[in-house]
Amino acid sequence: MSVKHIITLRNRQGMQIKLSDWGATWLSCVVPIAEEKRELLLGCQTFEQYQQQDAYLGATIGRYANRIANAEIDIAGKHYQLTANQGVNQLHGGKLGFDKQLWKIESQSEQQVIFSLISPDGDQGYPGELKVAASYTLTDDNQVIIEYHANTTKCTPVNLTNHAYFNLDGETNNVLGHSLKVNANYYLPVDANGIPSNDLLNVTEDDMDLRQLRLLSDNLFGSSARKITGGYDHAYLLDSSKPVAAQLVSSDKKVTMNLTTSYPALQVYTGNFLTHTPNRHNGVYANFAGVALEAQFLPDSPHHPTWPQSSCFLEPGQTYLQQICYQFCIN
Ligand code: BGC
């Protein structure tokens, strides 16, 4: 049995986050609000439960977040069959993605931890040995900054993200009373399997506009795009001229989270299939218990080289470097 560790980071505001080397997972995020200590992340009680659930709670996702259609890619005329783990498609890096690996703890201090992982050539079908580092830093102004570095020995697609689910009310309610803003003019329509079904569409199509703060419950099932996926489960192409990618506000308005990122896109997933996922309190979560805001490349990007974003392929000699920052403001 491999030994798993829990690492706690603390800042001068009394904020505390917990992480594990198993999946380089973000386990917990507690902020003080007057006398209250509020947990802002969904999570399980035990490691066994983390290993059983399939919601990817707080995990680091890789080698390739989101879906790759038919679990296959072609690179420079060579065909690679990847492990399929959602029907014929691959989701979140395959059967044994980075979320299911024990990472090495490279360094650890009061406000930072760095995890590393070596993904061998052929891992889940991908070409090249990929060396990855994921660092978590908790700053004194309540920012959680995640940075990903990677290098490869062969050209490979790379799309690393974190799959934290936020509930800024402290898990007292579902998140449908939260308001969300996403600075994006375009989104990707998907089919019932989450595979892009068309080119990018203007957010005004099918009522997918989140450019102003909007209640998640607002017309949730009224849009045909959201009906297919049982809620939001869509990638938005971020407007890079806007400094903040997304803003999430708790139902009681006491907590605001601002998300900034170097990535071109953001997957908004309202936890449409969370039911039965073990929670921290001897029970299970219901659908919509949390919302995941996953900064990443657009889904299935290896098959769509003309989409307006930088390439998701990493070449030998290049360094992959991406950042996601969540700042928690108490009102
Ligand atoms: C996907 C969902 C999926 C969830 C958990 C999200 O990133 O967009 O479709 O159900 O991860 O696997």
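Mean sequence separation of contacting Cα pairs (under 8 Å, at least six apart), scaled by the length of the chain, corresponds to a relative contact order of 19 percent.
Computed over the Cα atoms, what is the radius of gyration of the stretch 192-246 divided by 2.2 N^0.38 Å, N being its residue count? Please list the in-between numbers first.
Working: Rg = 11.8 Å, N = 55, 2.2 N^0.38 = 10.1 Å.
The reported ratio for this selection is 1.17.
Using a Gaussian network model of the chain in which every pair of alpha carbons under 10 angstrom is joined by a spring, one finds that among LEU293, LEU42, LEU210 the greatest mean-square fluctuation is at LEU210. Of the whole protein surface, GLU106 contributes about 100 Å² of accessible area at a 1.4 Å probe radius. As a length-normalised measure over Cα pairs under 8 Å and 6 or more apart, the relative contact order of the stretch 69-171 settles at 17 percent. Residues considered: TYR165, TYR80, TYR263. Largest GNM mean-square fluctuation over the chain, using C-alpha springs under 10 Å, is found at TYR80. What pairs from LYS37/LYS181; LYS181/LYS227; LYS227/LYS253; LYS131/LYS181; LYS4/LYS154; LYS95/LYS154 go past 23 Å between their alpha carbons? Beyond 23 Å between Cα atoms: LYS37/LYS181; LYS227/LYS253; LYS131/LYS181; LYS4/LYS154. Ligands, DNA and RNA aside, ARG10 has an accessible area near 110 Å² when probed at 1.4 Å.
Evaluated at 10 °C with a viscosity of 1.306 mPa s, what Stokes-Einstein diffusion coefficient in µm²/s does the chain have when Rh comes from the Kirkwood expression over alpha-carbon pairs? Before the final figure, lay out the partial values.
Numbers: Rh = 19.8 Å.
Taking Rh from Cα pairs, D becomes 80 µm²/s.
The values are calculated or read from the model by the stated rules, or taken from the named source; none is laboratory data. What you are looking at is a predicted structure, and each value in this text was computed from that prediction instead of being measured. Side chains included, ligands, DNA and RNA excluded: accessible areas come from the protein's heavy atoms. Shrake-Rupley method; radii C 1.70, N 1.55, O 1.52, S 1.80 Å.
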